[in-house]
Amino acid sequence: MYKGRKIVFDIAIIGAGASGLMLASNLKNQNVCIIDSNSKIGEKIRVSGGAKCNITNEKIKASNYLGDKNFCENILKNFSNKELLDFLNQNGVYPKINPKIVKGTYFCNSSKDVIEMFSKLTSHVKKYLDTKVLDIEYDDDFTIITAKNTIKAKKVVVASGGLSYESLGASSFAFDIAKKFGHTLANTKPALVGFTVQKEQFWFKNLSGISTPVEIKMDNKSFFGSLLFAHKGCSGPAVLNSSLYWQKGKIEIDFLPNKKIGSFLQGNKKISTALPLPKRFLSEFLISISLEDKSVNSLSKEEKNKLELLKNYQFSPAGTFGYTKAEVTSGGILLDEINNSTFESKKQNRLFFIGECLDLTGELGGYNFQIVFSEAMLCSKYLNVKAKDL
């Protein structure tokens, strides 16, 4: 049924994304292959950060992640943001902070620079591209069944990502294999994604394309950043970060962060002119609260109280834009079933999981690239040591 001769590799990596490529780049003196359903490596890297690859952040803590904090701290301690920047610089990639996009985030000149770096660093690795893995079987060694052939390997590292961006090859493969080998999954959901809105917020849709700085609050989290109105609801950095922690229920938006409304409600100016917000936004907002755009000095106390909604506008999102628009998948393989220093499965010897498939997800701003690169480096150190022991 499956054509092609069987090749025995020391290590087979499934997934030529960020974690898989970083791992392959750092494996020494071993016979390694990497398998990916795309025809090119690093397809998700290519589109990240507006094709500039938001690769890490100047300040990274476990509190920037949703997931086991101790597990996360161990990873970041063993390969920090400084060490990642040093690694990139040594290989001809020089990210810089661009505060105009996301505070503290390092962006590369181009995502192509990162992909070209990995292409060079993995030149020693056999690549099976445009090759979809169908299943993995284990009997002394692993047999990787693809649509084209079968590949034999002593160790397998699953780095095939989550469910986000199906158009770039995302699939449930990592989760399916994890379940097959006895792993438990935390519920998955789209994360770093826009919100759809209820009927009461349909006025958002009339503002598609308008962006404004906000603070979004929910539970014990708050995020400053831009909110971008979209034809489905709202997006932008502040919204994307909020979506990581949102379960169900209300969020609160401050459309005038660090400002007091009362300081603007003086003189003869109309509301839409007096308040430092986009006029189209104010026009739709005033309609939504049934308030006429009139001179601020003619406002009653009740009308001024209505305007205070701009400081604490609460609503319950209807849902999210879904996996097709989500930057990452939250949830996944439970971390207590994975060794936090080697990433070997506690359910199956010589089977490893790294990257987005794990139940550890970062906020917007380079945090997700950092964590998966750190995982890959830790995993590579272990696999290199094991190779010496053989």
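Each value in this text was obtained by applying a stated rule to the coordinates, not by laboratory testing. Fair warning: this is a prediction, and the values are worked out from it, not measured in the lab. As a convention, Cβ positions derive from the backbone with ideal geometry for all residues, glycine included, and neighbour counts pool all protein chains shown.
Per-structure values
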{"quantity": "Percent antiparallel among DSSP beta bridges (both partners in the chain, rounded to 5)", "calculated": "75 percent"}
{"quantity": "Dipole of the chain, positive direction: furthest Cα of 74, 305, 339, with charges on the beta-carbon", "calculated": "305"}
{"quantity": "Acute angle (nearest 10 degrees) that the helix 69-78 long axis makes with the longest principal axis of the chain, alpha-carbon atoms", "calculated": "60 degrees"}
{"quantity": "Listed residue pairs exceeding 21 Å between alpha carbons, taken from 127/154; 250/279; 103/205; 205/279", "calculated": "250/279; 103/205"}
{"quantity": "Assigned charges on the beta-carbon of Lys, Arg, Asp, Glu; the chain dipole about Cα centre (debye)", "calculated": "680 debye"}
{"quantity": "Space enclosed by the convex hull of the alpha-carbon atoms of the chain, per residue, Å³", "calculated": "139 Å³"}
{"quantity": "Whole-Å semi-axes of the ellipsoid equivalent to segment 301-387 (Cα gyration tensor, √5λ, descending)", "calculated": "43, 14, 11"}
{"quantity": "Unpartnered cysteines - no second Cys beta carbon under 4.7 Å - across the chain", "calculated": "33, 72, 234, 357, 379"}
{"quantity": "Long-range Cα-Cα pairs in segment 195-320 (distance over 23 Å), rounded percent", "calculated": "29 percent"}
{"quantity": "Over the chain, relative contact order from alpha-carbon pairs under 8 Å, at least 6 apart, %", "calculated": "24 percent"}
{"quantity": "Ratio of the Cα radius of gyration of segment 37-124 to 2.2 N^0.38 Å, where N counts its residues", "calculated": "1.16"}
{"quantity": "By average C-beta atoms within 10 angstrom, highest first, the peptides 139-149, 342-352", "calculated": "342-352, 139-149"}
{"quantity": "Cα-based radius of gyration of segment 55-98 once divided by 2.2 N^0.38 Å, which approximates compact folds", "calculated": "1.27"}
{"quantity": "Value of [θ]222 nm, deg cm²/dmol, for the chain, DSSP H segments ≥ 4, -39500 (n - 2.57) each, nearest 500", "calculated": "-8000 deg cm²/dmol"}
{"quantity": "Net charge, residue 291 excluded, C-beta distance under 9 Å - Lys, Arg +1, Asp, Glu -1", "calculated": "-1"}
